[in-house]
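Starting off with a structure, shown below.
The values are calculated or read from the model by the stated rules, or taken from the named source; none is laboratory data. Just so we're clear, the structure is a prediction, and the values are computed from it rather than from any experiment. With ideal geometry, Cβ positions are generated from the backbone for all residues, glycine too; neighbour counts draw on all protein chains shown.
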Protein chains: 2
Amino acid sequence: MYKLYSMQRSGNSYKVRLALALLNAPYSAIEVDILRGESRTPEFLAKNPSGQVPLLEVAEGRYLAESNAILWYVAGGTPLAPESRIERAEALQWMFFEQHALEPNIGAAYFWLALVKGGRDLQTHALEDWMERGYAALQVMENHLKTQPYFVAGQLTVADIAMYGYTHLADRCDFDLATFPAIRSWLRRVEQTSGFVPMDWQPEAPEAGVYAPGIAAEA
Amino acid sequence: MYKLYSMQRSGNSYKVRLALALLNAPYSAIEVDILRGESRTPEFLAKNPSGQVPLLEVAEGRYLAESNAILWYVAGGTPLAPESRIERAEALQWMFFEQHALEPNIGAAYFWLALVKGGRDLQTHALEDWMERGYAALQVMENHLKTQPYFVAGQLTVADIAMYGYTHLADRCDFDLATFPAIRSWLRRVEQTSGFVPMDWQPEAPEAGVYAPGIAAEA
């Protein structure tokens, strides 16, 4: 059984939990609250020197980082991982796009507006850039999804899971998807997939305090 | 034969040219000077809506973007692409790390310090962040390479090509690799690989003007 280090409210962590749910793969989740510095302890840095979640323990003492790499690992050999040379590369194309055009903008806006108390005031100037670049990324996605039901191969793959992670959080951080009808249809298609779980879904009762609404001062 | 849209002095473009050279794969290169806006023309945006190089035409009218996705495409089925589930995921882990921890810092510093005339004065404040985060990324790499000859699987793979792209440019933009002996040894190992070509290597004479030293005012 996989052991997943994850933060409930992180889009990157959610991608992996969503994939494991769609695959009906059992796992135990360890909550790591990055807002409380729990990904920067010596113990965690020994597991992942980058100090980030999600992190998957694939074997005793062997750890895999980077949400999109973890998706390929857990989905390997299933229909979620397209294996033809061109479709694999096209899925990767969207996943690298996600990490440099979507996550640093919508993900950053979500973090500061939705998770950090007072974050909007701290990031007034950066927010303008995030909105502009985030909308540009959404437009690229919209144009693609106008003629395609999913990002690659005509079916749900790891590319959709990666793109869904932060796109579905856009309306929690000022982005308005009203003018992106193809994206909204695609979000609904993903959500209607058998096995889908929303970000807030939890496999078990959270430990006391971990999901407390207050956010640590250092965040 | 592949058709590659590439910029000679771009680390991301060089990754693909290096892979094709190591694979001894023939291709024709079309120089796209992003400093002159050549990746933002309607003609180029029709090929790649993200407006970036490198871009590979894989079949008539079918284009693949994102340097690291292109690496997996051209290397598919060769020893450069590790195909076991865990080694593939570990290679991807480093390639996603490269795109969010290395390229946005060393790549950005290289762009503004080495390519854009007067860039240092325009980016004084950003440069501090790039240096701090770039050094943090280099330290993660150094620690890994202390015990590993290559990033994954004990041999040269697409992960090394991706990481080499900007790491080998670090000393052109203020980074000092003196305290990173494992990285320096690894750079030499990559350079001693049969078929290796440096970034400045050109398959044919450049078209007049394309490689002119002056940099457009809008850059």
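When B:A114 is evaluated against the numbered criteria (1) within 10 Å of another protein chain (Cβ to nearest Cβ); (2) assigned to a helix (DSSP H, G or I), which criterion, by number, is the only one it fails?
(1)
Can you name the number of the only condition in (1) touching a residue at least 24 places away in the same chain (Cβ under 8 Å); (2) aliphatic (A, V, I, L, M); (3) crowded, with 22+ Cβ neighbours inside 10 Å that B:A65 fails?
Going through the list (1) touching a residue at least 24 places away in the same chain (Cβ under 8 Å); (2) aliphatic (A, V, I, L, M); (3) crowded, with 22+ Cβ neighbours inside 10 Å, B:A65 breaks only (1).
Among the numbered criteria (1) among the β-branched types (V, I, T); (2) assigned to a helix (DSSP H, G or I); (3) without any contact (Cβ under 8 Å) to a residue 24 or more places away in the chain, which single criterion is violated by A:T147?
Result: A:T147 passes all but (2).
Only one of these is of a type in the set (D, E), facing chain A (nearest Cβ under 9 Å), buried (at least 23 other Cβ atoms within 10 Å of the Cβ) and touching a residue at least 24 places away in the same chain (Cβ under 8 Å): B:E90, B:E98. Name it. Spell out how you get there, then give the answer.
On the way: B:E98 fails: facing chain A (nearest Cβ under 9 Å).
B:E90 is the lone residue from the list that is of a type in the set (D, E), facing chain A (nearest Cβ under 9 Å), buried (at least 23 other Cβ atoms within 10 Å of the Cβ) and touching a residue at least 24 places away in the same chain (Cβ under 8 Å).
Here's a follow-up. Do the conditions hold for A:E38, that is, is it acidic (D, E), surrounded by fewer than 17 Cβ atoms within 10 Å (Cβ to Cβ) and away from chain B (no Cβ under 13 Å)? Give the steps one after another, and end with the answer.
On the way: acidic (D, E): yes; surrounded by fewer than 17 Cβ atoms within 10 Å (Cβ to Cβ): no; away from chain B (no Cβ under 13 Å): yes.
No: the conditions fail for A:E38.
Could you say which residue among A:V152, A:V158, A:V140, A:V116 is of a type in the set (A, V, I, L, M), modelled with pLDDT of 95 or more, within 23 Å of A:V32 (Cβ to Cβ) and not assigned by TED's automatic domain parsing to the domain that holds A:L71?
Numbers: A:V152 fails: within 23 Å of A:V32 (Cβ to Cβ); A:V140 fails: within 23 Å of A:V32 (Cβ to Cβ); A:V116 fails: modelled with pLDDT of 95 or more.
Answer to the selection: A:V158.
Anything in the stretch B:154-175 that is farther than 21 Å from B:P104 by Cα, crowded, with 17+ Cβ neighbours inside 10 Å and away from chain A (no Cβ under 14 Å)? List them, or say none. Please lay out each step first, then the result.
As a first pass, look at the stretch B:154-175 and keep what is farther than 21 Å from B:P104 by Cα: B:154-157.
Remaining after also requiring crowded, with 17+ Cβ neighbours inside 10 Å: B:156-157.
Within the stretch B:154-175, just B:L156 meets the criteria.
For the stretch B:41-67, how many residues are among the charged types (D, E, K, R) and facing another protein chain (nearest Cβ under 7 Å)? Don't jump to the end; show me each part of the working.
Initially, the stretch B:41-67 is screened for residues among the charged types (D, E, K, R), giving B:43, B:47, B:57, B:60, B:62, B:66.
From what is left, the residues that are facing another protein chain (nearest Cβ under 7 Å) are B:66.
Result for the stretch B:41-67: 1.
Tell me yes or no: at least one residue of the stretch B:178-186 is within 19 Å of the chain's Cα centre (by Cα) and more than 30 Å from B:L23 (Cα to Cα).
No, because not a single residue in the stretch B:178-186 is within 19 Å of the chain's Cα centre (by Cα) and more than 30 Å from B:L23 (Cα to Cα).
How many residues are β-branched (V, I, T) and over 15 Å from the mean Cα position of the chain (by Cα) when one looks only at the stretch A:78-108?
So in the stretch A:78-108, the residues β-branched (V, I, T) come out as A:78, A:86, A:106.
Pick out the ones that are also over 15 Å from the mean Cα position of the chain (by Cα) and you get A:78, A:86.
The qualifying residues number 2.
In the stretch A:68-83, what residues are more than 9 Å from chain B (Cβ to nearest Cβ) and without any contact (Cβ under 8 Å) to a residue 12 or more places away in the chain?
The answer is A:E83, and nothing else.
The rows are residues; the columns are (1) under 20 Å from A:M1 (Cα atoms); (2) charged (D, E, K, R); (3) modelled with pLDDT under 95.
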| residue | (1), (2), (3) |
| --- | --- |
| A:G61 | yes, no, yes |
| A:S67 | yes, no, no |
| A:W72 | yes, no, no |
| A:G76 | yes, no, no |
| A:P79 | no, no, no |
| A:E90 | no, yes, no |
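What number goes with the only condition from (1) in contact with a Gly (Cβ under 8 Å, 6 or more places away or on another chain); (2) surrounded by fewer than 22 Cβ atoms within 10 Å (Cβ to Cβ) that A:E43 does not pass?
Unmet condition: (1).
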